[in-house]
Amino acid sequence: MRGSRKPDNGNRTYERPAHWRNLYRQALVERDESKLGIRIRETEGAILVELAFQVFTRDVTKRTAHEEAMNNLHLLRQRSSESSGKNRVA
């Protein structure tokens, strides 16, 4: 699914990235350490864009899902860094 264009109040338009949940799933199953960091950054960016579009909504469920995903991505990044460090030492 490609991003959709949302008009701004000026002449610019902002493109929303692919749905963050798809990117999140891809990051969770990525086994290639060289691609994992990229997948995490893409997902975090997509989540931040979604949060920006939802800044005035009161949908706690969506916000909770975004927060949980960001926390899990942080843990995934930490574990990846730790395992990369162990591989270099060995």
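Observations on the structure shown:
- Estimated at 0.36 nm per residue, the fully extended path between S83 and V29 surpasses their Cα-Cα distance by 17.9 nm.
- Where labels lie 7 Å past Cα in the beta-carbon direction, separation of R63 and L75 in nm: 2.2 nm
Here, each number is a calculation from the coordinates, and none is a lab measurement. Keep in mind the model is a prediction, meaning the values are calculated, not measured. So basically every Cβ, Gly included, is an ideal-geometry build from the backbone, and we count neighbours across all protein chains shown.
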